[in-house]
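Below: the structure, in structure tokens.
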Amino acid sequence: MNVSGNVVVAVAGGLVCLVAVVAIGWGVLSYNRLVRRRNQVSAAWAQIDVQLRRRYDLIPNLVETVKGYAAHERGTLDAVAWARDGAIAATAAEPAARAHAENALSQAVGRLFALAEAYPALRASANFLGLQGELSGTEDKIAYARQFYNSAVQTYNTSIQSIPTNLIARIGGFRGRDLFQAAGEERGPVLVRFQG
């Protein structure tokens, strides 16, 4: 083989090595990016959990305060307690099932607040107003945490479904995550019905 043939072989070999190094580097970077995004989804889910647990802790105090003023509204008070128990039971469920339970709890609490409108002394109670304010602030935090979680899930799911990172995702065992969203009937307004 002559010198020019050796140069061509050396250049071709160098290019193959360079392409291999770039491909391996890209694969490692893609894998690490997917891991970061998956961890961000998990952290966002944990933040939702923290805020929901805070709400679970506030609701019994709110129910007890309302009982003092509206004890004969047993059906509404029981509905809130049942919805809270259902939401707590769903803490290990998938996002869709958990969202369903959380939305049922939000509707029950909404009915409890609507009930308070019928009792001026309750509405004026400092304890009720304080709990209502804390719960309202917690609901805002839950809404933000859900939004952050859904954004993280969207970014993660897009990454694992996009070409060419979907190849790394498939090899690495990355699976899509569900969004935390309301089911069809829960997207509408809360219906308040008083039983007389």
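The values are calculated or read from the model by the stated rules, or taken from the named source; none is laboratory data. Bear in mind the structure is a predicted one, so any value in this text is a computation, not a measurement. For neighbour counting, all protein chains shown are included, and Cβ atoms are generated from backbone atoms with ideal geometry for every residue, glycine included. Ligands, DNA and RNA are excluded from the accessible area calculation, which covers all protein heavy atoms including side chains. Shrake-Rupley method; radii C 1.70, N 1.55, O 1.52, S 1.80 Å.
In this rough spin-label picture, where each label sits 7 Å from Cα along the Cβ direction, the Val7-Arg36 distance is 4.3 nm.
Just reorder His72, His100 by solvent-accessible area, largest first, 1.4 Å probe, all chains present. Kindly include the intermediate steps, with their values, before the conclusion.
Working: His72 135, His100 90 Å².
Reading off the accessible areas and sorting them downward yields His72, His100.
Secondary-structure-derived ellipticity at 222 nm for the chain, considering helices only, amounts to -28000 deg cm²/dmol, per-run term -39500 (n - 2.57) for DSSP H runs with n ≥ 4. When the residues Trp26, Trp45 are ordered by accessible surface, computed with a 1.4 Å probe over the protein chains alone, the sequence from largest down reads Trp26, Trp45.
Percent of accessible area on the chain owned by carbon and sulfur, 1.4 Å probe? Could you put the intermediate results ahead of the total?
Working: 6810 of 11430 Å².
Result for the chain: 60 percent of the exposed heavy-atom area is carbon or sulfur.
Using Cα pairs under 8 angstrom and six or more residues apart, how large is the relative contact order of segment 1-159, in percent?
Numbers: 89 pairs, mean separation 58.3, N = 159.
Computed value for segment 1-159: 37 percent relative contact order.
For the chain, the Kirkwood hydrodynamic radius from C-alpha pairs, put into Stokes-Einstein at 4 °C and a viscosity of 1.567 mPa s, yields a diffusion coefficient of 63 µm² per second. Solvent-accessible area of Arg177, all protein chains in place: 80 Å² (probe radius 1.4 Å, heavy atoms, ligands and nucleic acids excluded).
One equal scatterer on each Cα of segment 47-125, no solvent, Debye formula: the resulting log10 I(q)/I(0) at q = 0.13, 0.16, 0.22 Å⁻¹ is -0.40, -0.58, -0.96.
Measuring max minus min along each principal axis, the C-alpha atoms of segment 1-56 give extents of 81, 8, 5 Å (largest first).
The tail of the calculated P(r) for segment 1-111, taken as Cα-Cα distances beyond 25 Å, holds 54 percent of the pairs.
Axis angle, to the nearest 10 degrees, between helix 74-89 and the longest C-alpha principal axis of the chain: 20 degrees. Between the C-alpha center of segment 1-66 and that of segment 112-179 there is a gap of 23 Å.
On average, how much accessible surface per residue is there in the chain, in Å², for a 1.4 Å probe, leaving out ligands, DNA and RNA? Numbers along the way, then the final one.
Working: 11430 Å² over 196 residues.
About 58 Å² of surface per residue is accessible.
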